[in-house]
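Okay, structure first, notes after.
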Amino acid sequence: METADYIREINRLKKEKNAVILAHYYQTSDIQDVADYIGDSLGLSQEAAKTEADMIVFAGVRFMAETAKILSPSKKVVLPDINAGCSLEESAPADKFIAFKAQHPDAVVISYVNCSAELKTLTDIVCTSTNAIKIVESVPKDKEIIFAPDKNLGGYINRVTGRNMILWDGACMVHEAFSAKLISDLKEKHPNASIIAHPESEEPVLELADYIGSTTGLLKHTINSPEKEFIVATESGILHQMRLASPDKMFHVAPTAKNGHACIACSDCPHMKLNTMEKLYACLRDESPEILLSEEVIEKARKPIDLMLEISA
Ligand code: CIZ
Ligand code: SF4
């Protein structure tokens, strides 16, 4: 089928089944264009918690669809590709994390939402990059904190808040690929461009940034700032919304490198990009693959997510 056929069929099935399509900013442009709501993990989970649809089609990765299921357990939640994982999630298996926690029995555990449902059951408060600083600051200063699984986001929060959180050793395979050296070279060619970066990026990249923020923060910044040109260090999918919101401005994807060599597609998340229009259409039609979690996991994982939503309300 052509894109126009998918759009027509997806819209028809959405009405017929009272379904809603939630898409993350890192999805391909065609998927973003057919979604009812586009956002970051915080916005998408807030939307999942309040939707009146019977079925949530989650165009994102598995941990995000799981979060939607935890917040709306009575709804059917489907994901276009069940293999859409996340390198951060993979970096923190529950058994290893239990052993790590046991070494710091008095610590409050704050987990970035980019982790498995099982890890959330071992967590006191969940956070996203939009609310991470607020969540960390809600914990009394004299309390020890374990922050998992993203060491780059954790390190950034430590620097901003002056805390000394214990960091789990995980990283995002997309954001850790941004190269400070190649970004500096690009800036030389575009001296008027402002460098903006997601805090999952490594410290040398964040040091170059004129603005650091979550995906929603970065998007808003490009809209509100008088600057006309940006080098964007986050997953390339977000450029679609940036360009739609500011057609008169110029956006460059920050360059990436692997083993010292420039890497062309490294700013595309291979997990996010497993989703296609064809798979989106098929999962809406077949109501599969479906996200299924045990009642126990839903109950235990919900507490730290609810606490996050309360603190960030
Ligand atoms: O890297 C991700 O998966 C991000 C930034 C998610 C989100 O929306 O915070
Ligand atoms: Fe995970 Fe990084 Fe992909 Fe986000 S961009 S889903 S953190 S691998």
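Here is how the numbers come out for the structure above:
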quantity: Inter-residue pairs, beta-carbon under 6 Å, first in contact (Cβ under 8 Å) with a residue 24 or more places away in the chain and surrounded by fewer than 19 Cβ atoms within 10 Å (Cβ to Cβ) and in region 70-85, second in a loop (DSSP other than H, G, I, E, B) and not β-branched (V, I, T), 6+ apart; calculated: I82/P289; G85/H271
quantity: Breaking point among (1) away from ligand 1 (no atom under 14 Å from the Cβ); (2) surrounded by fewer than 24 Cβ atoms within 10 Å (Cβ to Cβ), for N131; calculated: (1)
quantity: Residue check for R285: surrounded by fewer than 17 Cβ atoms within 10 Å (Cβ to Cβ), outside any strand (DSSP E or B) and in the same structural domain as H24 (by TED's automatic domain parsing); calculated: yes
quantity: Selection from region 180-208 of residues that are assigned to a strand (DSSP E or B), crowded, with 21+ Cβ neighbours inside 10 Å and of a type in the set (G, A, S); calculated: A197
quantity: Condition broken by R62, with the remaining ones in (1) surrounded by 24 or more Cβ atoms within 10 Å (Cβ to Cβ); (2) of a type outside the set (S, T, Y); (3) within 16 Å of ligand 1 (Cβ to nearest atom); (4) under 20 Å from P289 (Cα atoms) satisfied; calculated: (1)
quantity: Residues satisfying the stated conditions in region 7-32, i.e. crowded, with 20+ Cβ neighbours inside 10 Å and either in contact (Cβ under 8 Å) with a residue 40 or more places away in the chain or within 14 Å of ligand 1 (Cβ to nearest atom) (or both); calculated: I10, A19, I21, L22, A23, H24, Y25, Y26, Q27, I31, Q32
quantity: Residues of region 210-236 satisfying the condition of being within 19 Å of A171 (Cα to Cα) and crowded, with 19+ Cβ neighbours inside 10 Å; calculated: I212, S214, T215, V232, A233, T234, E235, S236
quantity: Within region 152-179, considering residues that are closer than 12 Å to A257 by Cβ and not in a helix (DSSP H, G or I), the one nearest to ligand 2 (Cβ to nearest atom); calculated: F178
quantity: Residue that is nearest to N131 (Cα to Cα), among those in region 33-55 that are within 16 Å of ligand 1 (Cβ to nearest atom) and without any contact (Cβ under 8 Å) to a residue 60 or more places away in the chain; calculated: L44
quantity: Residue identified as crowded, with 18+ Cβ neighbours inside 10 Å and more than 16 Å from ligand 2 (Cβ to nearest atom) among V108, V113, V126; calculated: V108
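The values are calculated or read from the model by the stated rules, or taken from the named source; none is laboratory data. Not measured: the values here are computed from a predicted model. FYI the Cβ positions are ideal-geometry reconstructions off the backbone, even for glycines, and counts take in every protein chain you see.
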